[in-house]
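K.L.:
Got a structure here, written out as structure tokens. Questions coming.
The values are calculated or read from the model by the stated rules, or taken from the named source; none is laboratory data. Predicted model, so just to flag it, every value in this text is computed and none were measured. Positions of Cβ are backbone-derived with ideal geometry, glycine not excepted, and every protein chain shown enters the neighbour counts. Heads up: the accessible areas ignore ligands, DNA and RNA and are worked out on the full protein's heavy atoms, side chains in. Shrake-Rupley method; radii C 1.70, N 1.55, O 1.52, S 1.80 Å.
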Amino acid sequence: QVQLVESGGGLVQAGGSLRLSCAASRSIFSIGAMAWYRQAPGKQRELVASITRGRMPNYADSVKGRFTISGDYAKNTVYLQMNSLKPEDTAVYYCNANFLSMNYWGQGTQVTVSS
């Protein structure tokens, strides 16, 4: 089983930056595949970025060049660095771990970008 705790959300002006953190209850090296999703009001949850051990990170087209996903094995934490934020990035952001073919989710953190 995996527990995930997100932090780092908040209110920021367009063009600003935020860094989200996702602390895992077990080694992220052992988990292997982790991702960030987001869900805006009235919309479906969508994949933002994913990182899998031994592979290049994957990004949604809408965030390529602005967001960066990374992991710190020593801290069992995955980060999402978000730069050049836009109002359309406003959403609840969720951390996801796929471990032994099961999906685990954090509680979500709100990101609001004002224009």
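K.L.:
Condition (residue is in contact (Cβ under 8 Å) with a residue 24 or more places away in the chain, of a type outside the set (D, E, K, R), open to solvent by 50 Å² or more (accessible area, probe 1.4 Å) and not in a strand (DSSP E or B)) applied to segment 88-101: is it met by at least one residue? Before you say what the answer is, go through the steps one by one.
P.N.:
First, pick out the residues of segment 88-101 that are in contact (Cβ under 8 Å) with a residue 24 or more places away in the chain: 88-99.
Among the residues that remain, those that are also of a type outside the set (D, E, K, R) are: 90-99.
If we keep only those that are open to solvent by 50 Å² or more (accessible area, probe 1.4 Å) too, we end up with 98.
Adding the requirement that they be not in a strand (DSSP E or B) leaves none.
Looking through segment 88-101, none of the residues is in contact (Cβ under 8 Å) with a residue 24 or more places away in the chain, of a type outside the set (D, E, K, R), open to solvent by 50 Å² or more (accessible area, probe 1.4 Å) and not in a strand (DSSP E or B).
K.L.:
Give me the residue from segment 52-72 that is among the charged types (D, E, K, R) and either at pLDDT 95 or above or within 13 Å of Tyr37 (Cα to Cα) (or both) and, out of that set, surrounded by the fewest Cβ atoms within 10 Å (Cβ to Cβ). Spell out how you get there, then give the answer.
P.N.:
At the first step, the residues of segment 52-72 found to be among the charged types (D, E, K, R) are 53, 55, 61, 64, 66, 72.
Narrowing further to those that are either at pLDDT 95 or above or within 13 Å of Tyr37 (Cα to Cα) (or both): 61, 64, 66.
On the way: Asp61: 6, Lys64: 10, Arg66: 15.
Filtering first and then ranking leaves Asp61.
K.L.:
Here's something else I'd like to know. Could you check segment 64-87 and list, in sequence order, the residues that are touching a Lys or Arg at 6+ places or on another chain (Cβ under 9 Å), among the aliphatic types (A, V, I, L, M) and farther than 15 Å from Ser7 by Cα?
P.N.:
Taking segment 64-87 and keeping what is touching a Lys or Arg at 6+ places or on another chain (Cβ under 9 Å), we get 66, 71, 76, 79-86.
If we keep only those that are among the aliphatic types (A, V, I, L, M) too, we end up with 80, 82, 85.
Across segment 64-87, the qualifying residue is only Leu85.
K.L.:
Determine whether Ala40 is over 20 Å from Gln3 (Cβ atoms) and in contact with an Asp or Glu (Cβ under 7 Å, 6 or more places away or on another chain).
P.N.:
The answer is no for Ala40.
K.L.:
If you check Thr52, Thr90, Thr77, which single one turns out to be more than 17 Å from Thr112 (Cβ to Cβ), hydroxyl-bearing (Ser, Thr, Tyr) and out of contact with any Cys (no Cβ under 8 Å at 6 or more places or on another chain)? Even if it seems obvious, please write down each step before you answer.
P.N.:
On the way: Thr90 fails: more than 17 Å from Thr112 (Cβ to Cβ); Thr77 fails: out of contact with any Cys (no Cβ under 8 Å at 6 or more places or on another chain).
After applying the criteria, what remains is Thr52.
K.L.:
Considering only residues that are over 16 Å from Ser17 (Cβ atoms) and either touching a residue at least 60 places away in the same chain (Cβ under 8 Å) or open to solvent by less than 90 Å² (accessible area, probe 1.4 Å) (or both), look in segment 73-87 and name the one that is nearest to the chain's Cα centre (by Cα).
P.N.:
So the first thing to find is which residues in segment 73-87 are over 16 Å from Ser17 (Cβ atoms), and the list is 73-78.
Checking which are either touching a residue at least 60 places away in the same chain (Cβ under 8 Å) or open to solvent by less than 90 Å² (accessible area, probe 1.4 Å) (or both) leaves us with 76-78.
Values: Asn76: 14, Thr77: 11, Val78: 8 Å.
Among those that are over 16 Å from Ser17 (Cβ atoms) and either touching a residue at least 60 places away in the same chain (Cβ under 8 Å) or open to solvent by less than 90 Å² (accessible area, probe 1.4 Å) (or both), it is Val78.
K.L.:
Related question: Residue by residue through segment 3-41, note down the ones that are more than 15 Å from the chain's Cα centre (by Cα), open to solvent by 50 Å² or more (accessible area, probe 1.4 Å) and modelled with pLDDT of 95 or more.
P.N.:
Leu11, Gln13, Ala14, Gly15, Ser25
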